[in-house]
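The values are calculated or read from the model by the stated rules, or taken from the named source; none is laboratory data. Source: prediction; values computed, not measured. Counting neighbours? That spans all protein chains shown, and the Cβs are built from the backbone with ideal geometry, glycine included. What goes into the accessible areas is simple: the full protein's heavy atoms, side chains included, and nothing from ligands, DNA or RNA. Shrake-Rupley method; radii C 1.70, N 1.55, O 1.52, S 1.80 Å.
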Amino acid sequence: MTSDEARTAEDVTERTGSAATPGAVAVIGTGVIALGWIALFAAAGYEVRISSTRPDAEEHVREALALYADSLPQGALPLQKLTERLVFTPDVESAVTGVEAVQENALEDLELKQALFARIAAAAPADALLLSSTSTLLPDDLGALLPEPGRVVVGHPFNPPHIVPLVEVVAGEQAEAGLIERVVAFYRELGKVPVVLRRAVPGFVANRLQSALLRESIHLVREGVVTVDELDAVVTSSIGPRWAVVGPFRAFHLAGGPGGLRHWLEHLGKGLELSWTGLGNPPVDRATVDLLLEQVDASFGTEPYRSLAARRDVEQNAVIAAVAAARAEQE
């Protein structure tokens, strides 16, 4: 065994507790989100059973992992170390037999997902975690056809799942507290930051925030205030770096000086509602879409996806690592 191989084995042992007997997880689907989960699970030492209806699923996944292998938050791993842990099967029942967890990533079609979870629940172990990456559907609806509907829990990641830490954990009304604790522990062991939503709401939290910013971004471009490029520069040069270290509430608490958020709200809060009334509500009509795509194509829309994604992943990892290092120095 070479020194590099030894270090890889040590990394896997540290992440899983055992290099010889890693557990198994199932990933349903091979879309963009599923690919990120596959990379993350494989990097953590799991046997990853992949169920996909794509005829070229194996080639598709291996091609994606060739890109992701160098951008794992824990550090690059040899591609072979990831791909040797993959098992491909179009059969859902075979994929979920004996696994610790199932991460579902099918199309955002409620009837399709309900049918899938009915099949999954019937074939998976009784204590397996049944998780969905859905960004729009609620857990009670997803588990409606199960004898125990509360078994299905949403584990909604932010793209790309193998890098961005957040997982929004959304449980149904019938979910047991112990199940939620197990889901949180599962994601935390993968290096994720699970946040349990206290109440299920459509779109959850991160997507609602992202949607609000995107709506105003489209409005400002559509009104000719800025271009797509300029809007992106505004975000990455202001609220982007700020939000990498503090959220909106802490940011405005600091904006209030020693008086904090209380001082800020008392002096500037009265103008908030007035400013909100001036926010845009742009139609996503043909003219708007054409305007956005024309500017995107002129700026970065023709650059190959792989190079755009690779650059994003390197820089995103650098930001996360730098913030983690800075916080560790202050502890």
Next on the checklist: Suppose R0 equals 25 Å. What FRET efficiency, 1/(1 + (r/R0)^6) with r the Cβ-Cβ distance, do Val245 and Val284 give to the nearest 0.05?
Outcome noted: 0.20
Checklist entry - Which whole-number value in Å² is the accessible area per residue of the chain, probe 1.4 Å? => result 55 Å²
Checklist entry - For segment 124-281, what proportion of DSSP beta bridges, expressed in % and rounded to the nearest 5, is antiparallel? => result 40 percent
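Would you mind estimating how fast segment 72-113 diffuses translationally, via Stokes-Einstein at 37 °C and 0.692 mPa s with the Kirkwood radius over Cα pairs, in µm²/s? Numbers along the way, then the final one.
Numbers: Rh = 13.2 Å.
Calculated translational D: 249 µm²/s.
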Checklist outcome for this item: Shape call for segment 221-331, from the Cα gyration tensor axes a ≥ b ≥ c (a/c under 1.5 means rounded, otherwise prolate when a/b beats b/c, else oblate), comes out oblate
Next on the checklist: What are the ³J(HN,Hα) couplings of segment 38-54, residue after residue, when phi is run through the Karplus curve with 6.51, -1.76, 1.60 and θ = phi - 60°? Round to Hz, x for glycine and proline.
Outcome noted: 4, 4, 5, 5, 5, 5, 7, x, 6, 6, 10, 9, 10, 10, 8, 8, 5
Checklist entry - Where does the chain land at 222 nm, in deg cm²/dmol rounded to the nearest 500, when only DSSP H runs of n ≥ 4 count, each adding -39500 (n - 2.57), divided by all residues? => result -15500 deg cm²/dmol
Checklist entry - Quick one: if the Förster radius is 30 Å, what FRET efficiency do Glu59 and Glu148 give, using the C-beta to C-beta distance and rounding to 0.05? => result 0.20
Checklist entry - Taking +1 at the Cβ of each Lys and Arg and -1 at the Cβ of each Asp and Glu, which of Gln316, Ala206, Thr277 sits farthest along the dipole of segment 188-331 towards its positive end, judged by Cα position relative to the Cα centre? => result Ala206
Next on the checklist: Just to be sure I understand the model, the point goes 7 Å from the Cα along the line to the Cβ. What's the resulting Asp91 to Leu110 distance in nm?
Outcome noted: 3.2 nm
Item to check | Gain upon complete extension [His219, Ala185; 0.36 nm per residue less C-alpha separation] | outcome: 8.2 nm
Item to check | Two-site FRET efficiency, Ala118 against Glu230, from Cβ-Cβ distance with R₀ of 45 Å, rounded to 0.05 | outcome: 0.35
Next on the checklist: How big is the chain along each principal axis, measuring the range of its Cα positions in Å and listing the largest first?
Outcome noted: 59, 50, 48
Checklist outcome for this item: Counting only DSSP beta bridges with both partners in the chain, the antiparallel fraction in percent, to the nearest 5, comes to 20 percent
Checklist outcome for this item: Charge tally for neighbours of Ser135 with beta carbon under 10 Å away, counting Lys, Arg as +1 and Asp, Glu as -1, is -2
Next on the checklist: Accessible area of segment 48-155 with a 1.4 Å probe: how many percent of it is carbon plus sulfur?
Outcome noted: 52 percent
